[in-house]
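Have a look at the structure below before the remarks.
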Amino acid sequence: MPTLVNYSGDNEFYSGGSLCSADLGLMLALGHADIYCPVSKRARISGPFVVEERTKNPSIEVLPNECLFEIFRRLEGSRERSAAACVSKRWLMLLSNMRSSDIRHTNLSAANGASDDTKIASADEDVEVECDGYLTRCLEGKKATDIRLSAMAVGTSSRGGLGKLSVRGSNPVRGITNVGLSAIAHGCPSLRVLSLWDVQDVGDEGLMEIARGCHSLEKLDLTKCPSISNKGLVAIAENCPSLTSLTIESCKNIGNEGLQAIGRCCTKLETLTIKDCPLVGDQAVVSLLSSGNTRLKKVKLHSLNITDFSLAVIGHYGKAITDLNLCKLGHVSPRGFWVMGAAQGLQSLSSLTVTSCIGLTNPSLEAVGKGCTNIKSMCLRECKCVTDSGLVAFSQAAGSLEHLLLEECDKITQTGILNAVSICSKLKSLSLVKCSGVRDLPPQASLLSPCDSLRSLSIRSCAGFGSRSLAMVGKLCPQLHHLDLSGLTRITDAGLLPLLESSKAGLIKVNLTHCLNVTDEVVLSLARLHGGTLELLNLDGCRRVTDASLVAIADNCVLLNDLDVSKCSITDSGVAALSHGVQLNLQVLSLSGCSMVTNKSFSSLRTLGESLIGLNLQHCNAISSSRVEALVEDLWRCDILS
């Protein structure tokens with residue numbers, strides 16, 4: 001025994017091994033050891049503890065990404081891959097980086113002798129996948145993240161993938177980057193339409209992935225994408241030959257090089273919009289338009305550093321252009337517009353819009369009219385250098401003109417407008433918006449011939465336009481269907497009544513919003529003369545209109561479906577008369593701000609609600625909330641604003 005423990009009374013054990021060793025533990029467990037241990041002494045362990053580790057459950061998460069990728073690429077169906085993507089963010093990102101070419105297809109049905117039913121099911125699934133690109137998704141604001149894009153790419157792959165993707169804004173913390181766009185490129189090869197608005201962190205790498213993976217791309221819209229440059233646009237040009245529509249707006253790093261590549265490679269391009277891109281100049285426009293096989297039909301050039309040379313190229317080579325929009329071209333002189341018209345190349349042009357271009361003057365406008373003989377729609381906004389003589393000369397040259405809109409053209413007066421209307425024998429619609437030069441002048445309509453083709457007249461917010469001018473316009477336009485005089489605070493019954501009486505075709509839509517001096521007399525005449533054709537009537541803000549007008553409308557307007565009497569002097573009696581009227585098609589009724597309409601109108605509103613789909617009761621303070629709630633419950637088909 002002393003030999004075993006070498007006991008000498010100095011509180012030490014034998015140094016050759018611990019009583020807690022593995023071998024001793026085994027002997028004790030088997031019951032074969034007979035060992036002396038002094039009770040008064042406490043053992044000091046000189047050897048290490050041997051702790052037996054518990055065996056952990058095996059997990060696939062210990063595998064590196066390479067192994068997981070090999071597993072995922074062997075999953076047979078896209079539904080199985082979608083299910084796997086739901087397990088974790090790691091699996092989702094791995095699956096979203098997998099291209100269709102990475103997937104390994106194995107014919108398990110042939111190897112295992114699958115039944116005919118299984119083969120039929122597989123065939124049906126193939127048909128579903130072949131229906132490429134019919135899904136549409138839109139991400140806005142905080143919802144726009146890489147994770148959501150990756151989930152869309154993997155989740156929609158079983159149904160052909162996305163055909164249209166629109167991203168507006170981005171999550172401020174974890175917004176969309178090149179990673180999310182790459183996932184779309186890998187999972188949605190059939191993508192045809194891509195719109196990126198205000199996406200700060202997507203750069204050339206993401207757009208290049210789209211170019212490599214989505215060769216069917218037809219429409220691309222890049223707005224406020226400062227990280228995208230010519231490099232990304234060149235990749236699109238070289239890999240997406242089916243591109244038909246391109247919009248570049250407020251992209252400060254995109255310039256001539258990228259658009260020149262588009263001009264060389266994208267021969268199917270039909271719609272082009274370039275706005276607020278300081279690096280875009282004449283070279284880009286020349287490359288896009290001077291190609292012999294160009295198909296461009298719609299062109300919008302806004303706030304660019306282009307000169308007269310670009311407009312000359314448009315005039316010579318824009319033979320296919322049908323819609324041209326030019327805005328804020330500060331470096332284009334009158335000579336540029338003159339050459340564009342005199343080149344005689346815009347024979348297909350049917351619509352022209354010019355906004356805030358100091359180069360458009362009377363001679364250049366006349367040249368445009370002579371050179372664009374088939375133009376049907378003309379829109380001039382903030383053209384400060386165009387006067388009456390230029391408008392009349394253009395009207396004489398453009399014999400096919402059907403639609404004319406003038407907005408904030410302050411040097412054009414009533415004389416020029418009346419002469420233009422008299423000259424244009426095919427004019428169908430005339431719109432004047434905020435033209436301060438239009439003021440009441442002595443009567444002169446008797447010297448002009450009427451325009452029997454005019455069907456729509458819109459004069460809005462022209463502060464100087466009064467009753468005298470309106471009476472003259474009425475004599476020139478006897479076949480009006482649509483009349484919009486919103487914001488004309490100076491017109492009175494004296495100007496409106498002659499117009500209503502001279503309109504022989506029957507008015508269909510009438511808008512008198514904020515015509516403060518209009519009274520019941522006008523509404524009574526309108527109901528009597530045009531009640532058989534009137535479908536829409538807006539009297540918002542006409543404070544002198546009372547219940548008498550609603551009585552006349554109820555008795556005569558059988559086709560009326562939209563009525564707005566907001567902020568008029570309407571009471572419960574008027575609403576009751578309307579509910580017993582002959583009109584059977586009233587669908588939209590607005591009583592907003594009618595403070596004299598009370599709870600007494602509840603039954604009348606419920607009767608009207610049988611046909612209504614929209615009812616506006618905002619700011620009707622005399623109608624209690626309980627009555628509104630009852631209407632909401634009863635009129636379940638009607639959208640009620642309160």
Point to revise | Two-decimal ratio, segment 269-352, of alpha-carbon radius of gyration to 2.2 N^0.38 Å | key: 0.96
Point to revise | Of Ala342, Ser436, Ile412, farthest towards positive along the dipole that unit charges on Lys, Arg, Asp, Glu beta carbons give segment 342-448 | key: Ala342
Check your understanding: What order, most packed first, do the peptides 185-197, 469-481 have when packing is the mean number of other Cβ atoms within 10 Å of each residue?
Key -> 185-197, 469-481
Point to revise | Where the Cα pairs of segment 236-284 fall when distances are cut into 10 Å bins, in % | key: 27, 59, 14
Exercise for review: List, in the order given, every pair from Lys164/Lys298; Lys300/Lys384; Lys231/Lys328; Lys300/Lys428; Lys231/Lys298 whose Cα-Cα distance in the structure shown is over 23 Å.
Suggested key: Lys231/Lys328; Lys300/Lys428; Lys231/Lys298
Study note, to complete from the structure: Among Thr513, Leu615, Leu605, the residue whose Cα sits farthest towards the positive end of the charge dipole of segment 502-642, when +1 is placed on the Cβ of each Lys and Arg and -1 on the Cβ of each Asp and Glu, is Thr513
Review point. Cross-link list Lys411/Lys475; Lys297/Lys376; Lys275/Lys411: which exceed 19 angstrom alpha carbon to alpha carbon?
Key: Lys411/Lys475; Lys275/Lys411
**Study point:** Loop-located GluC sites (Glu not before Pro) in segment 576-642 whose Cβ has at most 16 other Cβ within 10 Å (DSSP)
**Key:** Glu610
Point to revise | Among 166-174, 278-286, the order from most to least packed when residues are scored by Cβ within 10 Å on average | key: 278-286, 166-174
Review point. Between Thr489 and His580, what is the spin-label point distance in nm, taking each point 7 Å from the Cα along the Cα→C-beta axis?
Key: 3.9 nm
**Study point:** Over segment 328-433, relative contact order from alpha-carbon pairs under 8 Å, at least 6 apart, %
**Key:** 24 percent
Point to revise | segment 283-325, accessible surface, carbon-and-sulfur percent (1.4 angstrom probe) | key: 51 percent
Point to revise | segment 371-436 - Rg over Rh from alpha carbon coordinates, Kirkwood radius | key: 0.92
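With a cut-off of 8 Å between alpha carbons and a minimum separation of six or more residues, what is the relative contact order of segment 284-371 in percent?
30 percent
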Review point. What trypsin sites (Lys or Arg not before Pro) does segment 587-642 have in DSSP loop regions with at most 11 other beta carbons within 10 Å?
Key: Arg637
Check your understanding: Given 5 Å bins starting at zero, what is the percent of C-alpha pairs of segment 324-426 in each, up to the one with the largest pair distance?
Key -> 2, 14, 27, 30, 19, 7, 1, 0
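The values are calculated or read from the model by the stated rules, or taken from the named source; none is laboratory data. Because the structure is a prediction, the values reported are computed rather than measured. Every residue, glycine among them, receives a Cβ derived from its backbone with ideal geometry; neighbour counts consider all protein chains shown. Accessible surface is based on the protein model in full, side chains and every heavy atom, while ligands, DNA and RNA are left aside. Shrake-Rupley method; radii C 1.70, N 1.55, O 1.52, S 1.80 Å.
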